[in-house]
Amino acid sequence: MVSVVIPSYNGALTLNAAVLSALQQTVSPREVIVVDNASTDHTPAILKRLKEEYPQHIKVLRVEKN
């Protein structure tokens, strides 16, 4: 089993592509963990949507202070 960890800080422009890329690998990950380092852009909204689309795969950890 594989887990993928994606750290992000204000990564709204590339976050969706990064998560989808991780999910589409030859060996599908058991989970994709995104660590949001107190982003101030649209990252939280993107993560919310991804989590709703892939609830069994996406885990989000948000750090409240960068």
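The values are calculated or read from the model by the stated rules, or taken from the named source; none is laboratory data. All values reported here derive from a predicted model rather than from experimental measurement. Every residue, glycine among them, receives a Cβ derived from its backbone with ideal geometry; neighbour counts consider all protein chains shown. What goes into the accessible areas is simple: the full protein's heavy atoms, side chains included, and nothing from ligands, DNA or RNA. Shrake-Rupley method; radii C 1.70, N 1.55, O 1.52, S 1.80 Å.
Each Lys and Arg adds +1 at its Cβ and each Asp and Glu adds -1 at its Cβ; summed about the Cα centre, the chain shows a dipole of about 100 debye.
Sites counted here are trypsin sites (Lys or Arg not before Pro) in a DSSP loop (not H, G, I, E or B) having no more than 15 other Cβ atoms within 10 Å; the longest part of the chain that contains none of them is 31-64. For the chain, the carbon plus sulfur part of the accessible surface works out to 58%, probe radius 1.4 Å.
The residues of the chain expose, per residue, 66 Å² of accessible area to a 1.4 Å probe. Over the stretch 2-52, the fraction of Cα-Cα pairs per 10 Å bin, rounded to whole percents and listed from the shortest bin up, is 26, 58, 15, 0.
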